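Working notes, structure below.
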Amino acid sequence: MRALTWQGKRDVRVETVPDPPLKESTDILVRITSTGICGSDLHLYEVMGPFLDPGDILGHEPMGIVEEVGTDVTALTAGDRVVVPFNISCGDCYMCDQGLQSQCETTQVKERGMGAALFGYTKLYGQVPGGQAELLRVPFGNTLPVKVPHGPPDERFVYLSDVLPTAWQAVEYAGIPPGGTLTVLGLGPIGEMAARIALHRGARLVVGVDLVEARLERAAAHGVRTLDLRTHGKDLAEIVRGATDGRGTDAVIDAVGMEAHGAPVAKAAHWVVGMLPDSVAARLMEHAGIDRLSALYTAIELVRRGGTISVVGVYGGAADPLPLMTMFDKQIQLRMGQANVRRWVDDIMPLLGDRDLLGVEGFATHTMPLEKGPEAYRMFQAKEDGMIKTLLRP
């Protein structure tokens, strides 16, 4: 089969690799019809090389058609259409029963001290081959895949793999009161979708902050009050408080994570780590790594006293300094974590019916063949051609 593989920093290639076999009686084999490129894939493209090997297959946002099922699979048959959640969860352990599929005890990467394994996402999360490929082996065929109907285009359902449940959980964790207010930092795919979901769920005001014109325009078209960080970086808090009786918004979603702008020290640290041998860099990142925390610091400033910060942007540092005195004084509640995809599917599915209430069709700005995956990664990293969300078609 053809698959997009990691070869080095800013070096991904589409290669011919062996087809994946069924390994367990509950496995299924899915022929991929659409697979997304996620913002967190850029972390692999840029800084996570110490935890990857050349040839690793990337991607964790796939859907397709079941081609083969193991002998103990009863929930699906060949020809069924499925979306594959990005976290690999058994559906039967204590954590899965709590709705914490991202902490699945069956697939936890215990030797690394990490949560549930993920498709296409480094040794830290199990080094499981990903979905930017023609075929994908999927374990737990009776409980993990999400069966969806034939008929509507892939884009109606493919975001159930990551974007929709991640954005939904971000809003859920934000705890916005009825008719309340929210600031979303970062209007990439997750941030923008979180803004749409918050408005759908009744938020009175959603403020969206970014510095990419195309993102700001898209969010504004869906009812978000947008602020350009390039123009309002210094008076951001003043504007947000001015729109909320001087308090700040009830909640802030940090959808930026480690890629925040305006953090030269952490940026330099990332550059230095990238120059080190992998064995040294891996130890440094696991035990002494720091992130660019500009977005999180901004969230702490913008949220009202007693409000909630929901962190959905990916952070990877092990020694990040936080202003705990300010957080304590403001009585801030902080929630975060990988999305528990299966937990939110039943809540989201009704919104993907005939009316497409979240506007998922047309959400992708670019659709490209898998063979152009390397070009898509380069464009996404450079924010070229208004690229916000890309689907690859094997």
What is the distance in Å between the Cα centres of segment 141-183 and segment 42-64?
22
Residue-ordered couplings for segment 165-172, obtained by feeding phi - 60° into the Karplus form 6.51 cos²θ - 1.76 cosθ + 1.60 and rounding to whole Hz (Gly and Pro as x), are x, 5, 5, 4, 5, 4, 6, 4
Among beta bridges that DSSP assigns inside the chain, antiparallel share in %, nearest 5:
50
Quick one: what are the phi-derived ³J(HN,Hα) couplings along segment 213-230, Karplus 6.51/-1.76/1.60 with θ = phi - 60°, whole Hz, x for glycine and proline?
4, 4, 5, 4, 5, 5, 5, 4, 5, 10, x, 8, 7, 9, 10, 7, 4, 5
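Ignoring ligands, DNA and RNA, please state the percent of accessible area on the chain from carbon and sulfur, probe 1.4 Å.
Accessible surface attributable to carbon and sulfur in the chain totals 51 percent.
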Per residue, how much accessible surface does the chain expose to a 1.4 Å probe? Answer in Å², no decimals.
42
Residue span LYS147 to ARG13: 0.36 nm per residue of separation minus Cα-Cα distance leaves a gain in nm of 45.2 nm
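Using alpha carbons only, what's the Rg to Rh ratio of the chain with Rh from Kirkwood?
Rg/Rh for the chain comes to 0.95.
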For a test of the definition: using alpha carbon positions, the gyration tensor, and the 1.5 limit on a/c, classify segment 1-150 as rounded, prolate or oblate.
oblate
Around LEU4, under 14 Å between beta carbons, what's the net of Lys plus Arg minus Asp minus Glu among the other residues?
-2
Using the Cα centre of the chain as the reference point, and only Cβ charges (+1 on K/R, -1 on D/E), how large is the resulting charge dipole? Debye, rounded to the nearest 20.
840
Each label point is 7 Å from the Cα along the Cα-to-Cβ direction; what then is the distance between the points at ARG247 and ARG204, in nm?
0.8
Choose one answer from THR226, THR298, THR16: the residue with the largest mean-square fluctuation in a GNM of the chain with alpha-carbon springs under 10 Å.
THR16
Nearest 10 degrees, 0 to 90: helix 373-382 Cα axis against the chain principal axis
10
Helix 264-275 against the longest principal axis of the chain: what's the angle in degrees, Cα atoms only, rounded to the nearest 10?
20
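The values are calculated or read from the model by the stated rules, or taken from the named source; none is laboratory data. Source: prediction; values computed, not measured. Neighbour counts are summed over all protein chains in view; Cβ atoms, including those assigned to glycine, are modelled from backbone coordinates with ideal geometry. What goes into the accessible areas is simple: the full protein's heavy atoms, side chains included, and nothing from ligands, DNA or RNA. Shrake-Rupley method; radii C 1.70, N 1.55, O 1.52, S 1.80 Å.
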